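> Questions regarding the structure given below will be posed in turn.
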Amino acid sequence: MNNKIVGVLYKNLIKPALFQLDAEFVHNMVTQIGEGLENRKWPLGFLLPRGEKTIKKNILGLEFESFVGLAAGFDYNGHLAKVMRHVGFGFNTVGTVTAQKYAGNKPPRLARLPRSKSILVNKGFKSDGAEAVAKRLDGKRLEGHLIGISVGSSNVPDVNTINKAIDDYLETFRIFKDKPYVKYFELNISCPNAVMSESFSNLKNFKELVQAVASCGITQPIFVKMPNEIDFDKSDTLVRSALENGIRGFIFSNLVKDRNNQAFDKKEIFRVKDVKGNFSGKPTAENSKRLIKHTRDVFGKNVVIVGCGGIFSADDARERLSAGADLIQLITGMIYEGPQLIGEINKGINQ
Ligand SMILES: Cc1cc2nc3c(=O)[nH]c(=O)nc-3n(C[C@H](O)[C@H](O)[C@H](O)COP(=O)(O)O)c2cc1C
């Protein structure tokens, strides 16, 4: 369907209706509809917006047909691995996947902050578990799709030391590393909602993790999912350590924790004062931009950078690319602006 029509329908009819419903309920419903379209159970494919993919860019040996990827957290169990390409995404991250199944943190786990253009997230690596996700993806025909797996350590009580968490990360890598459809990995060291994840933003633990990952025979490129609220020096030491272990990709960045972030509407952030979680969208944008520019300035062509956080338009995407990003990823922009945003960005970047 024409992007302009999808945009008008989304903003005036679909979004107002969906935003009346619980955010997690809507996400589950969209996942079911998306997978139904994928399996052609429902002949509604004509409703999809036009992806408008045009580029062919070779990065780390992979051919990208669009600069725009789906960030980790929207398709966390791999239900939408095929259909997202038709919306215009050039690459699609599944996950974060963990070795053990986890039902997620206690609800409520999602809340919308529309004036702040943000989403409160507290999923904590809700996951069907790596074996189950791999089995689901094994059943899809994914030739021609750029699928990546975001790997985290299981957010369960018995994975409670650095060594156990590293073993747990490695288990997921082992399950996916020989799958022909897995074209890249993300190493998630920055989820503020999972107990062990952020321990790996500490240099000593990070070094142990990347050394272990580098020695387990992974042939696909790896992108480290970096924290949002990290100072330049600390970020640089993590980048250096990853480079020493052959990891060249970095995604700036994950969610924001600081509720005093200037991008929040004061009333809105007060309304969720008793709800646990961290934030996507506009509040992530400034730090993400700064980190992209800084990392490009310091490390030049040695790094591949994915800009992620607060991208709501083709102008936002262009800004990240001119700051130094090679590619971009998003979730929240699609939720607030509509699925035609991806095609609009693809078209806008190519002009
Ligand atoms: C609902 C939701 C779930 C998320 N879950 C994950 C996750 O499992 N792993 C991860 O690395 N990032 C996760 N994120 C963070 C996003 O990948 C992204 O870094 C962040 O939202 C900034 O991008 P955005 O402003 O385009 O959403 C999640 C974000 C949202 C909105």
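Every number here is computed from the coordinates shown, using simple stated rules; none is lab data. Every value quoted in this text rests on a predicted model; they were computed, and no experiment measured them. Neighbour counts run over all protein chains shown; Cβ positions are idealised from the backbone, glycine included.
> Once amide H atoms are built 1.01 Å from N in the peptide plane, which residues 5 or more positions from Asn77, or in another chain, come under 5 Å H to H?
Here the answer is Gly95, since their amide H atoms fall under 5 Å of that of Asn77.
> On to the next question. From the square roots a ≥ b ≥ c of the eigenvalues of the alpha-carbon gyration tensor of the chain, which class results: rounded (a/c under 1.5), prolate (a/b over b/c), or oblate?
Numbers: a/c = 1.26, a/b = 1.22, b/c = 1.04.
In terms of gyration-tensor shape, rounded.
> Let me ask something additional. Near Lys347, which aspartates and glutamates are there with a Cα under 13 Å away, not counting those fewer than 8 places off in the same chain?
Glu52, Glu65, Asp315
> Moving to a separate point now. Pop the C-beta distance of Ala103 and Arg296 into the FRET formula with R0 = 41 Å and round what comes out to the nearest 0.05.
Calculated transfer efficiency: 0.55.
> Then there's this: Given the -39500 (n - 2.57) contribution per DSSP H run of 4+ residues, what per-residue ellipticity at 222 nm results for the chain, rounded to the nearest 500 deg cm²/dmol?
Mean residue ellipticity at 222 nm (helix-derived): -11000 deg cm²/dmol.
> Kindly rank 60-69, 327-336 from highest to lowest mean number of other beta carbons found within 10 Å of each residue.
Details: 60-69: 19.9, 327-336: 24.5.
So the order, starting with the most tightly packed, is 327-336, 60-69.
> Here's something else I'd like to know. Along the charge dipole of the chain, Cβ charges K/R +1 and D/E -1, which of Phe91, Val26, Thr219 sits furthest on the positive end?
Of Phe91, Val26, Thr219, it is Val26.
> Enumerate the amide H contacts of Ile59 below 5 Å, restricted to partners 5 or more residues apart or on another chain; note that Pro and chain-start residues carry no placed amide H.
Here Phe64 satisfy the definition.
> Using the Karplus curve 6.51 cos²θ - 1.76 cosθ + 1.60 with θ = phi - 60°, what ³J(HN,Hα) values do you get for each residue of region 298-311, in whole Hz, with x for Gly and Pro?
7, 9, x, 7, 6, 10, 10, 10, 10, x, 9, x, x, 9
> Let a ≥ b ≥ c be the square roots of the eigenvalues of the Cα gyration tensor of region 150-223; is it rounded (a/c under 1.5), or, if not, prolate (a/b larger than b/c) or oblate?
Prolate shape, in that a/c is at least 1.5 and a/b is the bigger ratio.
> Shifting gears a bit: Of Ile147, Ile292, Ile175, which is the most mobile in a GNM of the chain whose springs link Cα atoms less than 10 angstrom apart?
Result for the chain, Cα springs under 10 Å: Ile175 fluctuates most.
> Defining a contact as two alpha carbons under 8 Å apart and six or more residues distant in sequence, what relative contact order in percent does region 52-350 show?
19 percent
> If you don't mind, another one. Could you give me the ³J(HN,Hα) list for region 133-148, computed from phi with Karplus coefficients 6.51, -1.76, 1.60 and θ = phi - 60°, whole Hz, x at Gly and Pro?
Running phi through 6.51 cos²θ - 1.76 cosθ + 1.60 with θ = phi - 60° gives 5, 4, 4, 4, 5, 4, x, 9, 8, 10, 4, x, 9, 9, 9, x Hz.
> Placing +1 at every Lys and Arg Cβ and -1 at every Asp and Glu Cβ, with all other atoms neutral, what dipole size does region 52-350 have around its Cα centre, in debye to the nearest 20?
Values: 44 positive and 33 negative charges, 112 e Å.
Using only the charged Cβ atoms, the result is roughly 540 debye.
> Of all DSSP beta bridges in region 52-350, what percent run antiparallel (nearest 5)?
If we restrict to bridges inside region 52-350, about 30 percent are antiparallel.
> Check which residues have an amide H placed less than 5 Å from Gly249's amide H, if you skip close sequence neighbours.
Ile222, Val224, Val304
> Among Gly300, Gly277, Ala325, whose Cα projects farthest towards the positive end of the dipole of region 271-330, with charges put on the beta-carbon of Lys, Arg (+1) and Asp, Glu (-1)?
Sorting the options by dipole projection puts first Gly277.
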